[in-house]
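Below: the structure, in structure tokens.
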Amino acid sequence: MIKTNQASHNKRYVGISVAQINKSSGAVCGDYLLSERSEEATTVILCDGIGSGIKAHIAAVMCANRIMELLRLGFSLRQACERVVATMHEARTRDIPFSAFCVCRMLNDGQAAMISYEMPAAVIAEQSAASLVERRFITLGSEVIAESHFHLHTRSCLFLFSDGVTQAGMGRVFKFGWQEEGVVGFIRSACARCMHTEDMPGMIIDKVRQYSGPTYGDDSTVVLLRCRRAKTVHILTGPPADRQFDRKVIERFMRLPGSKIICGSTTADIAARCLGIQVKNKQISDAYYKPPQYEISGIDLVTEGVLTLNQACNILGVDPDSYEEDSCVSGFCTLVRSADAINMIVGTAVNSGHRNIIFRQMGVLPRPVIVQRIAEKLKEMGKLVTVEYL
């Protein structure tokens, strides 16, 4: 049965934008950003490896991936950071990779927790106001970390920085660099001028360039986390394994907030029957690359099933400007690319027609396989994806 998946609709979505410059032109950046979305939370890790170049990059990558893996294994944010901080303490006296880091983990209701180690304070901005996130300093083992708990409201945004930003212009424009207060003032001023929030990471980096001159003091990274209501697309494809659930599935599908896609002629027939309306043919073509498209009142897009899903998977990563007009495959890709969250509801009834050798001959993957391929591609694009089976 369809579950009411609160993680992918009626919840907040955290958009992530980043701007970055390297200390030396052509060198590898010593700052590294890693993020992951799940049904429960969005996790963002910004690491700043000591020094510059490849050594700093490796340190940052190792640190970020270790923290993320510990969180995946079920460690709490503090437990994960405590283990990594212990290694960083060893690195002060041994020749092993050292990295500063900031980890922000935001639940889908806006509650956020953040731990930073040797990193500047984050900045939270709402409308024309901006301020440093309040931090509480505690000791983990032999090192001091900063811990914060706050609520990120819809339309609020959070800025994370490496110290290349706060130290910009040190000894050149400012005695001690731009510093956290200078960055806060810049963001506050930009908000008051109604500047587009998504432009601010680039604007901050431009200011770093201006203050630091042709040779930047350090690798500099700005990460923007922007909180908003998720734009959700629900995809229903394939009939339920048990026909007695047809009506309940369709009724609940229609109640889900957001855009709706039905992929599958049989699924479309079930929806029309349960809703007491007619399926209309919108586009029927003999061309293999143009699967049939239908119309059902209240559904944004209704298409043939497996062929559409296979072709959509092939072009999801392609520039949308090259999509063919009047194609249900293009329409599918456009809808899911514009969404923050995609909820795929997959019927597990067996379609004997899909066992025909011609499908394998044409390279058409069966529904369970192609759904997972699409889900993986969408996750790589930064979408929050859930797959439910009927």
Hey, which of the strands (runs of 3 or more DSSP E) in the range 73-180, taking only ones fully inside, have at least 1 residues that are modelled with pLDDT under 95 and hydroxyl-bearing (Ser, Thr, Tyr)? 129-132, 136-140
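Per-residue answers, yes or no, for (1) in contact (Cβ under 8 Å) with a residue 40 or more places away in the chain; (2) within 25 Å of residue 60 (Cβ to Cβ); (3) surrounded by 13 or more Cβ atoms within 10 Å (Cβ to Cβ):
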{"site": "130", "(1), (2), (3)": "yes, no, yes"}
{"site": "163", "(1), (2), (3)": "yes, yes, yes"}
{"site": "167", "(1), (2), (3)": "yes, yes, yes"}
{"site": "180", "(1), (2), (3)": "yes, yes, yes"}
{"site": "187", "(1), (2), (3)": "yes, yes, yes"}
{"site": "190", "(1), (2), (3)": "no, no, yes"}
{"site": "203", "(1), (2), (3)": "no, yes, yes"}
{"site": "219", "(1), (2), (3)": "yes, yes, yes"}
{"site": "222", "(1), (2), (3)": "yes, yes, yes"}
Those residues of the range 253-264 which are within 21 Å of residue 12 (Cα to Cα), under 22 Å from the mean Cα position of the chain (by Cα) and either assigned to a loop (DSSP other than H, G, I, E, B) or among the hydrophobic types (A, V, I, L, M, F, W, C) (or both) amount to 256, 257, 258
Do you know which residues across the range 187-232 are among the basic types (Lys, Arg) and part of a helix (DSSP H, G or I)? 188, 207, 209
Looking across the range 186-216 at residues that are within 16 Å of residue 126 (Cβ to Cβ) and among the small types (Gly, Ala, Ser), the single one that is modelled with the lowest pLDDT is 192
Note on the range 198-231: residues out of contact with any Lys or Arg (no Cβ under 7 Å at 6 or more places or on another chain) and of a type in the set (A, V, I, L, M) are 200, 203, 204, 205, 208, 222, 223, 224, 225
Expected output for the range 92-116 (first residue of a type in the set (Gly, Ala, Ser), partner assigned to a loop (DSSP other than H, G, I, E, B), Cβ below 7 Å, 6+ apart or cross-chain) is 99/50; 100/118; 100/119; 110/152; 110/153; 112/152
So in the range 93-124, with the set limited to residues that are surrounded by 17 or more Cβ atoms within 10 Å (Cβ to Cβ) and β-branched (Val, Ile, Thr), which one is farthest from residue 14 (Cα to Cα)? 115
Which of (1) closer than 24 Å to residue 377 by Cα; (2) surrounded by fewer than 22 Cβ atoms within 10 Å (Cβ to Cβ); (3) without any contact (Cβ under 8 Å) to a residue 60 or more places away in the chain does residue 262 not meet, given it meets every other one? (2)
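Name the residue, out of 250, 235, that is in a helix (DSSP H, G or I) and either surrounded by fewer than 21 Cβ atoms within 10 Å (Cβ to Cβ) or aliphatic (A, V, I, L, M) (or both). Please lay out each step first, then the result.
Numbers: 235 fails: in a helix (DSSP H, G or I).
Selected residue: 250, the only one of 250, 235 that is in a helix (DSSP H, G or I) and either surrounded by fewer than 21 Cβ atoms within 10 Å (Cβ to Cβ) or aliphatic (A, V, I, L, M) (or both).
Give the residue, chosen from 299, 315, 277, that is free of Cβ contacts under 8 Å to residues at least 24 places away in the same chain, surrounded by 12 or more Cβ atoms within 10 Å (Cβ to Cβ), under 24 Å from residue 341 (Cβ atoms) and β-branched (Val, Ile, Thr). If you could, list the steps in order and put the result at the bottom.
Details: 299 fails: free of Cβ contacts under 8 Å to residues at least 24 places away in the same chain; 277 fails: under 24 Å from residue 341 (Cβ atoms).
The unique qualifying residue is 315.
The values are calculated or read from the model by the stated rules, or taken from the named source; none is laboratory data. None of these values were measured; they are calculated from a predicted model. Note that each Cβ is placed from the backbone with ideal geometry, even for glycine, and that neighbours are counted across all protein chains shown.
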